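Asker: First the structure, which I've put down as structure tokens, then a few questions once you've had a look.
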Ligand SMILES: Cc1cc2nc3c(=O)[nH]c(=O)nc-3n(C[C@H](O)[C@H](O)[C@H](O)COP(=O)(O)OP(=O)(O)OC[C@H]3O[C@@H](n4cnc5c(N)ncnc54)[C@H](O)[C@@H]3O)c2cc1C
């Protein structure tokens, strides 16, 4: 082991190699899930080029040392948590936008590029980077690809996968797979890009990517609507999809709306609040229709960017990274028609677990994605397992997914059978073994 660490420190130099003894209490030991236990990796490696990443992987392969890739550590499933028998491989020093091609409408960048940097570069070139998340200031391109991240704009632009044109990655033995394609149509065999997208670092290290950019949209129109009954929501969504170019359709249950700071916006306080954003179409006319149909009881239209931001603040105020310490965060998908029955059953089940239970429901309901934050003050740390034991069978029964956007990481593996069959997991394992025969890439994480 000592010789492997010496080889790694020689390849990377002091800027790229930090010994375990210097990492105690550092930020590389936990992600935004707060599930880190302080476990120190063998070392923190911070390569600054593809050649260095390949050299690191060759050394680790030769000595059979597991590797945990780390991006911005904003993941919510514990996918980047270090292990005592593995090195942590941070992409932070391999960052930067390499090219914006205005004719193709594409951007090529390094995996360690922070999402906000990519968004700013796209904006300066007159485009929109199609992915957006609350963690934009810290999460990295390699991290959003590895989790196939979503966010509020999925309804308009799709998940990360839908915007990814080309990908470059390094396998566990140091082999470089580079397919930085800028074209949409490319049926030249298995699409490895889609295998690596959402693989949570279990197939190799992502080093570069090409994204499709969207034309910069016109100023969006934003409104906050008061809704009294859940069955109005599917009707509103269908009509909004027909009449508007929707770029967000975010629903908050009353508990979330209040905790986000929504008190006083509507009187009386509605059971649900809907944040709707449209790039095109007549939002005012749509609101008038919704009011006349009795689907909304009130609405406020943002008259400035600052007013729109206030609506978003209500939606985003219950931030997972603040809430997760001691609370339980669920990220599930459900068919819209089954959502309200699920929410009622979930609340009832939680109160049976702990009569003091509190829960906050909100989500990207335009995509069937529900987030639930749960506080069970009467239960200790075991509460997290009890919540998942309660909720995931209900998700399965409703035909949903136990992870809509955050991945499986290390925190949801025990419940994967509620979303994937053993045959599916076996197929994933076969792929993983083919690409990583020694099982060195992020062991104990993700589905396989
Ligand atoms: C405030 C907040 C809001 C969020 N909002 C959303 C949201 O709306 N939608 C959503 O989908 N997610 C959301 N997330 C979670 C989301 O998964 C992450 O923010 C992001 O996708 C992870 O990026 P990261 O760089 O921080 O990755 P990390 O947390 O560092 O890693 C995540 C996984 O990717 C792997 N990985 C990282 N980089 C590489 C690489 N270069 N090669 C191979 N594997 C790699 C890691 O091993 C790990 O398994 C949110 C998180 C926070 C804290």
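Asker: Does residue 74 satisfy being within 8 Å of the ligand (Cβ to nearest atom), under 27 Å from residue 56 (Cβ atoms) and crowded, with 19+ Cβ neighbours inside 10 Å?
Answerer: Working: within 8 Å of the ligand (Cβ to nearest atom): yes; under 27 Å from residue 56 (Cβ atoms): yes; crowded, with 19+ Cβ neighbours inside 10 Å: yes.
So residue 74 fits the description; yes.
Asker: Looking only at helices (runs of 4 or more DSSP H) that lie completely in region 98-157, which have at least 3 residues being within 7 Å of the ligand (Cβ to nearest atom)? Spell out the reasoning first.
Answerer: Numbers: elements: 115-124, 141-146, 154-157.
The helices (runs of 4 or more DSSP H) meeting that bar are 141-146.
A quick yes/no check of all residues on (1) touching a strand residue (DSSP E or B) at 6+ places or on another chain (Cβ under 9 Å); (2) at pLDDT 95 or above; (3) assigned by TED's automatic domain parsing to the domain that holds residue 439; (4) within 30 Å of residue 443 (Cβ to Cβ):
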| position | (1), (2), (3), (4) |
| --- | --- |
| 88 | yes, yes, yes, yes |
| 103 | no, yes, yes, no |
| 106 | yes, yes, yes, no |
| 116 | no, yes, yes, no |
| 125 | yes, yes, yes, no |
| 145 | yes, yes, yes, yes |
| 149 | no, yes, yes, yes |
| 152 | yes, no, yes, no |
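Asker: Scan region 355-389 for residues that are part of a loop (DSSP other than H, G, I, E, B) and in contact with a helix residue (DSSP H, G or I) (Cβ under 7 Å, 6 or more places away or on another chain) and jot them down.
Answerer: Taking region 355-389 first, the residues part of a loop (DSSP other than H, G, I, E, B) are 355-357, 368, 376-382.
Hits for region 355-389 are 357, 368, 376, 379.
Asker: A follow-up question, please. Listed residues 204, 260; which is at pLDDT below 95 and within 23 Å of the chain's Cα centre (by Cα)? Step through it out loud before you land on a result.
Answerer: Working: 204 fails: at pLDDT below 95.
Checking each option against the conditions leaves just 260.
Asker: Return the residues of region 343-353 that are surrounded by fewer than 22 Cβ atoms within 10 Å (Cβ to Cβ) and in contact with a helix residue (DSSP H, G or I) (Cβ under 7 Å, 6 or more places away or on another chain); say none if nothing qualifies. Please lay out each step first, then the result.
Answerer: To start, the set of residues in region 343-353 that are surrounded by fewer than 22 Cβ atoms within 10 Å (Cβ to Cβ) comprises 343-345, 347-349, 351-353.
Selection gives 345, 349, 353.
Asker: Right, next: Only residues in region 60-86 that are in a strand (DSSP E or B) count as the first member; pair them with residues that are within 6 Å of the ligand (Cβ to nearest atom), Cβ under 6 angstrom, at least 6 apart or cross-chain, and list the lot.
Answerer: What qualifies is 68/442; 69/201; 69/205; 70/80.
Asker: Residues that are within 16 Å of the ligand (Cβ to nearest atom) and under 30 Å from residue 54 (Cβ atoms): does region 211-230 have at least one? Let's see the steps before the verdict.
Answerer: So in region 211-230, the residues within 16 Å of the ligand (Cβ to nearest atom) come out as 211.
Add one more test, that the residue is under 30 Å from residue 54 (Cβ atoms), and what stays is 211.
Taking every residue of region 211-230 in turn, at least one turns out to be within 16 Å of the ligand (Cβ to nearest atom) and under 30 Å from residue 54 (Cβ atoms).
Asker: Looking at (1) in contact with a strand residue (DSSP E or B) (Cβ under 9 Å, 6 or more places away or on another chain); (2) part of a helix (DSSP H, G or I); (3) under 28 Å from residue 312 (Cβ atoms), which is the only condition residue 344 fails?
Answerer: That leaves (1) as the condition not met.
Asker: Among the numbered conditions (1) more than 19 Å from the chain's Cα centre (by Cα); (2) crowded, with 24+ Cβ neighbours inside 10 Å; (3) more than 30 Å from residue 241 (Cα to Cα), tell me where residue 140 comes up short.
Answerer: (1)
Asker: A further question on this structure: Residue by residue through region 420-448, note down the ones that are away from the ligand (no atom under 16 Å from the Cβ) and either part of a helix (DSSP H, G or I) or touching a strand residue (DSSP E or B) at 6+ places or on another chain (Cβ under 8 Å) (or both).
Answerer: So the first thing to find is which residues in region 420-448 are away from the ligand (no atom under 16 Å from the Cβ), and the list is 420-427, 429-430, 433-434, 437-438.
Residues satisfying the conditions are 422, 423, 424, 425, 426, 427, 429, 430, 433, 434.
The values are calculated or read from the model by the stated rules, or taken from the named source; none is laboratory data. Worth saying up front: this structure is predicted, and the values here are computed from it rather than measured. In this analysis, Cβ positions are derived from the backbone assuming ideal geometry, glycine residues included, and neighbour counts consider all displayed protein chains.
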